[in-house]
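> Mind looking over this structure? Questions follow.
The values are calculated or read from the model by the stated rules, or taken from the named source; none is laboratory data. Owing to the predicted nature of the structure, the values given are computational and were not obtained by experimental measurement. Quick reminder, even Gly has a Cβ in these numbers, built from the backbone with ideal geometry, and neighbours come from all protein chains shown.
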Amino acid sequence: MDSRLAESAASLDVDSSQVLFQPPASDSQAPRACAKMSPCAKSCMICSIICVVVAAIMAPIGIFVIGPSIAQHILDTTEISMPNATLNPCNTLAAWANIHAIFEASTMGLSATLNPYNQSLSTTTCLDESQDPPTMNGGWNCNNATKTLVGTYESPTLELSSGRNHVNLSIGVKLDSVGVILDGIVVPAFIDSKKVRLILEAKDISIQVLGITLSGLTMNKVVTCSQGTVDGGQTADVNIPNSVCHPDKPNSTLDDNPGYTMICVSGDTEPLNPTTTTITTTTVAPTTAAAATKSIVV
């Protein structure tokens with residue numbers, strides 16, 4: 001009996017050693033599984049791996065290279081016009097602008113959001129050196145007109161879609177100087193009945209498309225403006241919010257001044273001097289926008 005027990009134990013030791021030292025099934029079966037795959041299946045697997053790698057590479061390229069180019073194209077091809085742009089000057093170096101603007105956007109069927117950005121507003125002027133001292137003329141009366149800063153303002157968030165977008169803006173404009181708005185815009189448009197160029201420029205604009213924010217974009221648009229058709233473009237006095245004229249003095253008495261309405265079309269192809277009239281020269285030296293414009297009301 002003892003001999004039979006010993007033989008059983010020995011057989012168990014042999015079986016267990018065989019189990020313990022048997023190679024893993026996965027190591028031996030994986031090559032067999034690949035070997036059993038058809039050439040077509042192997043090609044599909046290789047193509048799938050390549051597609052995943054290409055997608056991983058192209059995703060950041062699409063976001064950081066192609067995306068900004070598309071967003072910049074949207075801004076470059078968007079046309080801006082202003083059927084009604086009314087400017088009410090403050091008793092300070094500021095003005096209240098109420099604008100009905102039309103953005104003709106080509107967003108390729110996508111919705112786009114323009115985040116708030118700082119907009120500069122310029123016009124064209126030149127100096128008449130024959131006067132003593134030299135006087136500023138509107139661009140219509142210049143052979144060598146140059147871009148002159150009018151002021152800056154903060155553009156609000158704008159939602160754009162493909163086609164015509166009507167936008168109503170009520171914004172405060174920080175004026176660079178009284179002379180530019182007087183001699184570069186008010187006198188040419190409302191006294192001499194000429195047209196004026198307005199140049200809209202912005203840097204570092206960000207736009208959201210398909211939930212992705214793309215920044216570092218720029219805008220450069222030109223519109224050609226003439227006086228409004230009602231009452232020579234001049235409007236009645238209105239109370240201007242202190243947030244525009246006196247942002248640091250919210251409880252100040254409201255400035256109460258008339259406005260000037262212009263109609264602006266997209267582009268710079270229209271001539272600034274459609275008729276021949278005598279230029280008006282202003283001799284006042286006001287220190288505020290309101291005082292300047294009130295001194296030439298006709």
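> Would you confirm whether any residue within the stretch 97-117 is touching an Asp or Glu at 6+ places or on another chain (Cβ under 6 Å) and polar (S, T, N, Q)?
Within the stretch 97-117, one or more residues are touching an Asp or Glu at 6+ places or on another chain (Cβ under 6 Å) and polar (S, T, N, Q).
> Do we have any residue at all in the stretch 252-267 that's more than 30 Å from the chain's Cα centre (by Cα) and surrounded by 20 or more Cβ atoms within 10 Å (Cβ to Cβ)?
Looking for residues that are more than 30 Å from the chain's Cα centre (by Cα) and surrounded by 20 or more Cβ atoms within 10 Å (Cβ to Cβ), one finds at least one in the stretch 252-267, hence yes.
> List the residue pairs whose Cβ atoms are under 6 Å apart, where the first residue sits in the stretch 138-160 and is more than 29 Å from C245 (Cβ to Cβ), the second is of a type in the set (D, E) and modelled with pLDDT of 90 or more, and the two are 6 or more positions apart or on different chains.
Partner pairs satisfying both residue conditions: none exist.
> Which of the residues spanning the stretch 115-155 are closer than 19 Å to V223 by Cβ and of a type in the set (S, T, N, Q)?
Selection gives N118, Q119, S120, S122, T123, T124, T125, T146, T148, T152, S155.
> How about the stretch 102-120: which of its residues are closer than 12 Å to N165 by Cα, aliphatic (A, V, I, L, M) and surrounded by 19 or more Cβ atoms within 10 Å (Cβ to Cβ)?
A105, A112
> Please verify whether P31 is at negative phi, modelled with pLDDT of 65 or more and surrounded by fewer than 10 Cβ atoms within 10 Å (Cβ to Cβ), treating the condition exactly as stated.
Judged against the criteria, P31 is not a match.
> Hey, another quick one. Do we find a residue being at pLDDT 85 or above, within 27 Å of the chain's Cα centre (by Cα) and over 30 Å from D128 (Cα atoms) anywhere in the stretch 226-234?
no
> Just give me the residues in the stretch 66-85 being in contact (Cβ under 8 Å) with a residue 40 or more places away in the chain and either part of a helix (DSSP H, G or I) or crowded, with 19+ Cβ neighbours inside 10 Å (or both), in sequence order. So that I can check it myself, show each step before the final result.
Within the stretch 66-85, the first condition is being in contact (Cβ under 8 Å) with a residue 40 or more places away in the chain, and the residues that meet it are 67-68, 70-72, 74-75, 78-85.
Within the stretch 66-85, G67, P68, I70, A71, Q72, I74, L75, T78, I80, S81, M82, A85 qualify.
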